[in-house]
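Notes to accompany the following structure.
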Amino acid sequence: MTDTFRVFLVDDHAVFRSGVRAELGRESDIEVVGEAGGVADAVAGIAATKPDVVLLDVHMPDGGGVAVLGRIGAGPVCLALSVSDAAEDVIAVIRAGARGYVTKTISGSELADGVRRVAGGDAVFSPRLAGFVLDSFTGKSAAPEPPLDPELDSLTPRELEVLRLLARGYTYREIAEDLFISVKTVETHASNVLRKTQQSNRNALTRWAHNRRID
């Protein structure tokens with residue numbers, strides 16, 4: 001095993017990537033060799049830098065962690081790093097090939113330890129998330145607790161994608177380009193989201209989304 005663990009960061013938030021890079025930069029045995037904010041750049045960067053570990057965001061506008069895992073094959077070890085602690089997200093990336101899943105509430109030292117552990121062959125999970133995987137593979141229900149937010153649950157996957165980008169400050173045109181749909185279609189989805197969430201305007205919707213950690 002190498003004395004230095006080479007890490008590649010994949011997350012569509014540049015500020016978050018900078019924070020992770022700074023935290024891991026304090027570790028003498030970890031080197032961040034590259035980063036990317038989208039699936040295509042991630043796949044190309046991973047191929048070019050050949051890292052030991054990829055820290056992988058689950059949700060990104062152009063496909064997210066599962067899409068990256070599906071395109072890099074049997075390459076480096078991947079550790080999912082996400083704001084989401086939903087059972088379906090955890091199970092999806094583990095089935096796609098990730099070696100572990102931790103949430104973004106993790107400390108810098110804990111993340112560094114997670115990098116070392118997955119590089120050494122261990123599986124790493126934030127507290128309680130491992131139970132989702134065990135339940136999934138033993139045939140028990142891996143569904144999250146009963147919905148407590150019917151407005152959020154009423155959104156379709158595409159409406160949720162649009163909501164996430166709106167909350168990040170994207171314009172309708174930028175959303176259309178990211179999702180490969182027309183501006184008119186974005187407007188329709190945005191209107192549906194406002195109606196279903198019972199918000200009066202985009203500013204109110206952004207606050208609503210941030211309160212639910214959708215960004």
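Here are a few things to note about the model shown:
- Flag for GLY45 being in contact with a Ser or Thr (Cβ under 7 Å, 6 or more places away or on another chain), over 19 Å from VAL93 (Cα atoms), not in a loop (DSSP other than H, G, I, E, B) and not acidic (Asp, Glu): no
- Taking first residues from the stretch 33-51 that are among the charged types (D, E, K, R) and partners that are part of a helix (DSSP H, G or I), the Cβ contacts under 6 Å between residues at least 6 apart in sequence or on separate chains come to GLU35/ARG17.
- Of everything listed in (1) open to solvent by 30 Å² or more (accessible area, probe 1.4 Å); (2) over 20 Å from PHE5 (Cβ atoms); (3) assigned to a helix (DSSP H, G or I), the single unmet condition for ARG116 is (2).
- For the stretch 185-201, the tally of residues that are touching a helix residue (DSSP H, G or I) at 6+ places or on another chain (Cβ under 8 Å), farther than 25 Å from SER82 by Cβ and assigned to a helix (DSSP H, G or I) stands at 4.
- Within the stretch 88-113, restricting attention to residues that are under 21 Å from VAL43 (Cα atoms), of a type in the set (D, E, K, R) and in a helix (DSSP H, G or I), the residue that is most open to solvent (accessible area, probe 1.4 Å) is ARG95.
- Scoring ASP85 on the criteria (1) farther than 24 Å from ARG213 by Cα; (2) in contact with a strand residue (DSSP E or B) (Cβ under 6 Å, 6 or more places away or on another chain); (3) open to solvent by 60 Å² or more (accessible area, probe 1.4 Å) leaves a single failure, condition (1).
- Selection count, the stretch 176-213, where residues are touching a residue at least 60 places away in the same chain (Cβ under 8 Å) and surrounded by 16 or more Cβ atoms within 10 Å (Cβ to Cβ): 2
- Conditions (1) polar (S, T, N, Q); (2) under 22 Å from the mean Cα position of the chain (by Cα); (3) not in a helix (DSSP H, G or I); number of the one not met by THR206: (3)
- In the stretch 57-79, the residue that is surrounded by the fewest Cβ atoms within 10 Å (Cβ to Cβ) out of those that are in contact with an Asp or Glu (Cβ under 8 Å, 6 or more places away or on another chain) and at pLDDT 90 or above is PRO76.
- Of all residues in the stretch 1-21 being touching a residue at least 60 places away in the same chain (Cβ under 8 Å) and more than 18 Å from ALA67 (Cβ to Cβ), the one that is most open to solvent (accessible area, probe 1.4 Å): MET1
- Here ARG26 fulfils each of the conditions (1) assigned to a loop (DSSP other than H, G, I, E, B); (2) surrounded by 17 or more Cβ atoms within 10 Å (Cβ to Cβ); (3) basic (Lys, Arg) apart from (2).
The values are calculated or read from the model by the stated rules, or taken from the named source; none is laboratory data. Remember, it's a predicted structure, so these values are computed and weren't measured experimentally. When we count neighbours, we look across all protein chains shown, and the Cβ atoms used for this are built from the backbone with ideal geometry, even at glycine. Heads up: the accessible areas ignore ligands, DNA and RNA and are worked out on the full protein's heavy atoms, side chains in. Shrake-Rupley method; radii C 1.70, N 1.55, O 1.52, S 1.80 Å.
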